[in-house]
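Have a look at the structure below, then the notes.
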Amino acid sequence: METLVNDLRRSFQTGKTMPYEWRVAQMEGILRLMNEREKEIMEALWTDLAKPRTEAYLHEISLSKAGCKFALKELKNWMKPEKVPSLIATFSSTAQIVPEPLGVVLVISAWNYPFALTIDPLIGAVAAGNAMVLKPSEVAPSTSAFFAKFLPQYVDTSCIQVVEGGVTETTELLEQKWDKIFYTGSGRVGRIVMAAAAKHLTPVALELGGKCPVVFDSDVNLKVAVKRMAIGKWGCNNGQACIAPDYIITTKSFAPKLVDALKETLKEFYGENPLESADLSRIVSSNHFRRLTDFLDEENIPEKIVHGGGRDEKHLKIAPTVLLDVPHDSLIMKDEIFGPLLPIITVEKLEDSFDLINSRPKPLAAYLFSKNKRLEEKFVQKVSAGGILINDVALHVANPHLPFGGVGESGTGAYHGKFSFDAFSHKKAVLSRGYATEMRIRARYPPYTHHKQIILRRVIDGSFIALFLGLFGLHRD
Amino acid sequence: MEGKISTEVFNREKAEATVKALRQSFRAGKTKTYEWRASQLEGIARLIKEKESDITEALRSDLAKPEMESYLHEISLAKSACLFALKNLKKWMKPEKVPAAITTFPSSAKIVSEPLGVVLVISAWNYPFLLSIDPVIGAIVAGNAVVLKPSEIAPATSELFAKILPEYVDSSCIKVVEGGVPETTALLEQKWDKIFYTGNGKVGRIVMAAAAKHLTPVSLELGGKSPVLVDSDVNLKVAVKRIAVGKWGCNNGQACIAPDYIITTKSFAPQLVEALKVTLEKFYGKNPLESADLSRIVNLNHFKRLTDLLDEENVSEKIVCGGQTDEKQLKIAPTLLLDVPHDSLIMKDEIFGPLLPIVTVDNLEDSFEIINSMSKPLAAYLFTKNKKLEQEFISNVSAGGILVNDIALHLANLYLPFGGVGESGIGAYHGKFSFDAFSHKKAVLSRGFAGEAGARYPPYTTEKQWILKGLINGSIVALFLALFKRF
């Protein structure tokens with residue numbers, strides 16, 4: 001691995017990743033990969049996750065393409081230095097912020113959107129002019145193999161490398177010195193990544209998860225709200241998505257209506273035998289299958305199931321399952337579910353839900369369905385999460401002008417759109433002046449006399465501009 | 001008195017209790033309002049005004065810092081940071097509207113800044129007042145509760161904070177904890193929502209490792225060897241004065257952005273050395289050890305560290321100016337060295353003192369490689385009139401910040417981010433960057449119930465897929481179909 005990093009560093013040091021042309025060429029290569037290898041990508045996603053064609057196409061390929069095109073369109077702007085006020089009004093002085101690549105970066109991606117979660121950070125790293133190693137998730141082996149085989153045909157392999165593997169290979173990679181590590185996955189491994197990064201003072205971006213709550217008001221267009229929520233849950237890799245609704249909070253009085261609407265919608269979407277619907281991803285592995293069935297089989301839980309609960313171990317399928325009023329300290333309310341189970345918690349008043357949410361680790365997303373503008377405002381003010389979406393689920397990920405990332409346990413850093421470029425850049429402050437503006441008495445130079453101090457005090461007196469000028473010796477006597 | 005933690009040992013339990021109390025205050029929502037933040041900033045502005053002589057006295061006690069430096073670099077910069085924040089606070093707190101994508105039409109999108117929560121600020125000994133107040137201002141302005149742990153190596157300033165800060169700010173949300181390694185360790189074991197550390201890379205690693213246990217984001221303002229590239233085409237008199245005041249006029253070289261070493265051409269070096277000698281005598285007289293305009297070395301440890309650098313074999317003979325030391329007073333004179341071996345100790349670690357080695361090269365362009373072969377510094381400087389060289393320097397030298405034809409002062413421009421890269425640090429602050437450093441930028445997307453796209457929902461068909469693909473690509477036609485086609 002050390003040789004690999006050294007090689008990449010050498011390539012980076014030649015300056016080849018810096019020019020606009022190189023970055024554009026890589027991104028165009030990535031676009032071509034998505035156009036020409038669509039079939040192979042879809043096959044890999046089917047093998048890894050039994051992801052429905054439509055989902056795979058839309059969530060993985062289309063969104064990635066859109067992200068790539070957006071970056072191509074904006075790259076010139078992003079690369080431009082940003083002029084800031086220089087405060088020295090005279091004689092060719094400039095202040096600017098110059099973005100530069102961090103250097104050689106490591107991208108570790110996740111298994112649930114194995115294509116998009118590799119491509120998306122890759123685009124950011126390339127746009128910002130870095131060399132990189134991609135480590136796709138071994139829990140999605142076909143997609144990982146796809147990257148190892150095909151990516152080299154479309155990008156500059158002297159600067160962009162794919163390394164496949166599991167814990168051993170990842171550990172070896174993490175021992176190296178990187179200029180940035182971008183990790184998508186769980187909080188447990190996130191801690192390991194950050195601890196490894198600490199040894200080299202490597203900055204990290206951690207896209208983690210959490211229990212994304214959905215607060216459901218009675219004042220909604222129920223049919224529409226439930227459809228949106230259902231598609232955000234089971235239409236996103238069958239709940240195995242970092243921003244999928246994890247649990248619902250609603251009022252005791254409204255819960256029955258909500259449950260009925262959910263049942264109806266689920267039947268509409270997935271039919272009478274959801275285990276046989278082609279529109280639902282399977283569970284990724286038997287490990288995760290067991291993890292989820294353990295939630296359902298815990299004491300006191302089975303009787304809370306109000307819909308679904310069906311499972312097929314051979315095909316690793318679990319049907320959309322809704323539970324009502326599970327104990328707050330049950331396993332299913334403890335960790336991120338990351339699957340097709342949806343507990344509904346009830347409260348007396350909807351406002352009680354804010355405290356409930358805030359008493360838990362901050363999630364990656366928090367949702368509210370309500371027409372009540374005041375409630376919406378309160379929700380936005382009081383609930384802390386990576387991102388908030390009102391009256392829909394998951395869609396904020398599709399707006400490239402919004403930063404996508406977590407806070408607290410759900411992560412650090414953000415990306416998408418320009419935030420991706422920024423995530424992989426160092427913003428270098430550059431101040432430049434000339435020699436023409438040296439004044440006769442420069443109070444800033446020793447020997448320090450009382451007289452000089454008086455001059456400066458009179459001039460500065462709290463104005464930051466005057467201070468700035470004073471420090472530069474640009475003051476009148 | 002709430003603000004000063006009692007003089008018993010500050011251990012894990014105490015640290016836990018402190019964080020718990022602050023979290024309670026934070027949850028009560030008191031730090032979120034504009035009024036609270038403004039009143040804290042006004043309190044700090046008053047503190048700086050009313051206690052200026054106490055602050056200057058503490059700095060004199062800790063560092064023998066000349067009053068002019070205390071005024072210019074610590075008090076004035078702190079005041080200006082405070083007033084700039086007060087002036088801009090309302091603006092910074094406003095949510096930022098962003099374009100809504102066609103994909104999610106109709107919708108409105110914005111980015112809302114919210115405080116991270118309860119944060120820890122650990123500051124350094126060399127600018128013990130400024131480097132405590134500046135990040136604390138950032139924390140407050142962003143609406144956080146904060147613990148300040150000033151450096152124990154500047155004990156007078158640390159004690160001053162513990163004593164007077166509670167008189168000017170809300171100590172249910174802003175606390176000072178004094179102490180050394182044990183107290184800092186106890187603090188680092190707690191779960192913070194952000195840790196802001198100023199200091200060296202060794203401790204920076206310890207801070208980040210501790211933060212990793214809780215997934216706490218960090219800002220690390222570290223240091224490095226800030227190089228100064230000097231071209232022969234400069235106004236030598238002016239350039240040398242600026243270099244000299246940027247080096248010895250900044251806490252006698254004990255500053256993270258002080259020039260660490262100079263690179264110039266073999267042919268120009270003699271002139272440069274002469275000019276520096278003349279300027280040094282002008283500034284500090286014939287007996288610099290007695291000049292009141294030079295800070296002393298902070299303590300015996302650092303004094304020994306620096307004299308070791310001078311005493312190394314093959315190095316002492318390279319001294320061309322200065323070299324005098326006074327252990328009793330912890331004073332070292334401004335010292336110039338010419339052409340020390342590249343592998344000497346003085347060229348290895350950050351000097352952080354009044355020693356200035358000059359390295360010579362045949363062509364100035366060779367210097368880029370030398371600079372880039374070392375760890376990325378916090379600042380890199382170039383003195384030249386050659387615009388082409390200037391552009392090459394900016395494009396090819398990576399550092400926290402770059403200043404051409406002057407030293408250190410980029411930190412006073414509050415529109416520029418101040419921070420390192422690589423070994424010199426993570427994150428930036430000053431001005432709005434301070435506000436951002438202590439904020440979470442929360443994405444908020446809001447929709448109504450109109451604009452339903454039936455194509456989103458299973459059972460999936462090719463036709464639906466086609467419409468949604470168009471929607472993702474921002475096609476208005478697809479949007480029209482999505483909104484109006486019934487399935």
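The values are calculated or read from the model by the stated rules, or taken from the named source; none is laboratory data. Everything numeric in this text was worked out from a predicted model, so none of it was measured. Here the Cβ positions follow ideal geometry from the backbone for every residue, glycine too, while neighbour counts run over all protein chains shown. Ligands, DNA and RNA are excluded from the accessible area calculation, which covers all protein heavy atoms including side chains. Shrake-Rupley method; radii C 1.70, N 1.55, O 1.52, S 1.80 Å.
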*When you scan the stretch A:401-447, how many residues do you find that are facing chain B (nearest Cβ under 9 Å) and assigned to a strand (DSSP E or B)?*
10
*Quick one: which of A:Lys257, A:Lys223, A:Lys263, A:Lys227 is open to solvent by 10 Å² or more (accessible area, probe 1.4 Å), touching a His at 6+ places or on another chain (Cβ under 7 Å) and part of a helix (DSSP H, G or I)?*
A:Lys263
_Selection from the stretch B:68-107 of residues that are in contact with a helix residue (DSSP H, G or I) (Cβ under 6 Å, 6 or more places away or on another chain), of a type in the set (D, E, K, R) and more than 7 Å from chain A (Cβ to nearest Cβ)_ = B:Glu74
*Applying the selection to the stretch A:27-43, what residues are open to solvent by 10 Å² or more (accessible area, probe 1.4 Å) and not charged (D, E, K, R)?*
A:Leu31, A:Asn35, A:Met42
_Residue among A:Thr54, A:Thr47 that alone is open to solvent by 20 Å² or more (accessible area, probe 1.4 Å) and either over 30 Å from A:Gly165 (Cβ atoms) or of a type in the set (Ser, Thr, Tyr) (or both)_ = A:Thr47
*Is one or more of the residues making up the stretch B:217-227 in a loop (DSSP other than H, G, I, E, B), crowded, with 24+ Cβ neighbours inside 10 Å and of a type in the set (S, T, N, Q)?*
yes
*asked:* So, in the stretch B:85-113, how many residues would count as being modelled with pLDDT of 95 or more and among the hydrophobic types (A, V, I, L, M, F, W, C)?
replied: 9
*Going by the conditions given, is B:Val240 within 25 Å of B:Asn126 (Cβ to Cβ), without any contact (Cβ under 8 Å) to a residue 60 or more places away in the chain and outside any loop (DSSP other than H, G, I, E, B)?*
yes
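Here is a yes/no grid of residues against (1) crowded, with 23+ Cβ neighbours inside 10 Å; (2) more than 26 Å from B:Tyr71 (Cβ to Cβ); (3) in contact with a Gly (Cβ under 6 Å, 6 or more places away or on another chain):
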| residue | (1), (2), (3) |
| --- | --- |
| B:Val230 | yes, yes, no |
| B:Asn235 | no, yes, no |
| B:Ile243 | yes, no, no |
| B:Gly249 | yes, no, no |
| B:Asn252 | yes, no, no |
| B:Ala255 | yes, no, no |
| B:Asp260 | yes, no, no |
| B:Thr265 | no, yes, no |
*Answer yes or no: is there a residue in the stretch B:228-243 that is touching a Leu at 6+ places or on another chain (Cβ under 7 Å), at pLDDT 95 or above and either at the interface with another protein chain (Cβ under 8 Å from one of its Cβ atoms) or closer than 16 Å to B:Ile426 by Cβ (or both).*
no
*Out of A:Lys257, A:Lys227, A:Lys252, sole residue that is modelled with pLDDT of 95 or more, within 28 Å of the chain's Cα centre (by Cα) and not aromatic (Phe, Trp, Tyr)*: A:Lys227
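Yes or no, residue by residue, for (1) under 30 Å from B:Gly201 (Cα atoms); (2) away from every other protein chain (no Cβ under 14 Å):
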| position | (1), (2) |
| --- | --- |
| A:Gly103 | yes, no |
| A:Ser109 | yes, yes |
| A:Ala125 | yes, yes |
| A:Met132 | yes, yes |
| A:Phe147 | no, yes |
| A:Gln153 | no, yes |
| A:Val162 | no, yes |
| A:Met194 | yes, no |
| A:Ala205 | yes, no |
*So B:Phe196 fits all but one of (1) open to solvent by 10 Å² or more (accessible area, probe 1.4 Å); (2) under 19 Å from the mean Cα position of the chain (by Cα); (3) not β-branched (Val, Ile, Thr); what number is the exception?*
(1)
*In the list A:Val430, A:Val393, which residue meets the criterion of being at pLDDT 90 or above, among the aliphatic types (A, V, I, L, M) and touching a Phe, Trp or Tyr at 6+ places or on another chain (Cβ under 8 Å)?*
A:Val393
_Failed criterion for B:Met68 (all others in (1) modelled with pLDDT of 95 or more; (2) buried (at least 22 other Cβ atoms within 10 Å of the Cβ); (3) not small (Gly, Ala, Ser) hold)_ = (1)
_Every residue from the stretch A:383-400 that is within 20 Å of A:Ser218 (Cβ to Cβ) and more than 7 Å from every other protein chain (Cβ to nearest Cβ)_ = A:Val383, A:Val393
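Using the structure shown, decide if A:Asn112 is buried (at least 24 other Cβ atoms within 10 Å of the Cβ) and closer than 30 Å to A:Ser285 by Cα.
yes
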_Boolean, A:Leu151 is more than 18 Å from the chain's Cα centre (by Cα), over 26 Å from A:Phe338 (Cβ atoms) and modelled with pLDDT of 95 or more_ = yes
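Quickly run through the stretch B:99-126 and pick out the residues that are open to solvent by 20 Å² or more (accessible area, probe 1.4 Å) and under 23 Å from B:Thr157 (Cα atoms).
B:Trp125, the sole residue that qualifies.
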*asked:* If I ask for residues that are over 21 Å from the mean Cα position of the chain (by Cα) and in a helix (DSSP H, G or I), which ones from the stretch A:50-77 would you list?
replied: A:Arg53, A:Thr54, A:Lys73, A:Lys76, A:Asn77
_One residue from A:Thr170, A:Thr143, A:Thr157, A:Thr118 being without any contact (Cβ under 8 Å) to a residue 24 or more places away in the chain and more than 14 Å from chain B (Cβ to nearest Cβ)_ = A:Thr157
_Subset of the stretch B:68-112 [touching a strand residue (DSSP E or B) at 6+ places or on another chain (Cβ under 9 Å) and among the small types (Gly, Ala, Ser)]_ = B:Ala100, B:Ala101, B:Ser107, B:Ser108, B:Ala109
*Taking into account only those residues within the stretch A:1-28 that are without any contact (Cβ under 8 Å) to a residue 24 or more places away in the chain and not in a helix (DSSP H, G or I), which is nearest to the chain's Cα centre (by Cα)?*
A:Pro19
*asked:* Testing A:Pro403 on (1) touching a residue at least 60 places away in the same chain (Cβ under 8 Å); (2) within 30 Å of A:Val84 (Cα to Cα), one condition comes back false. Which one is that?
replied: (1)
*Kindly check whether there is at least one residue in the stretch A:135-142 that is part of a loop (DSSP other than H, G, I, E, B) and surrounded by fewer than 24 Cβ atoms within 10 Å (Cβ to Cβ).*
yes
*Please report, ordered by residue number, the helices (runs of 4 or more DSSP H) entirely within the stretch B:427-487 with at least 1 residues that are of a type in the set (Asp, Glu) and open to solvent by 10 Å² or more (accessible area, probe 1.4 Å).*
B:432-437, B:462-472
_It is to be established whether one or more residues within the stretch B:185-199 are outside any helix (DSSP H, G or I) and closer than 20 Å to B:Ala58 by Cβ._
yes
*Output the residues belonging to the stretch A:1-26 that are farther than 15 Å from A:Lys76 by Cα and surrounded by 14 or more Cβ atoms within 10 Å (Cβ to Cβ).*
A:Met1, A:Leu4, A:Val5, A:Asp7, A:Leu8, A:Arg9, A:Ser11, A:Phe12, A:Gln13, A:Lys16
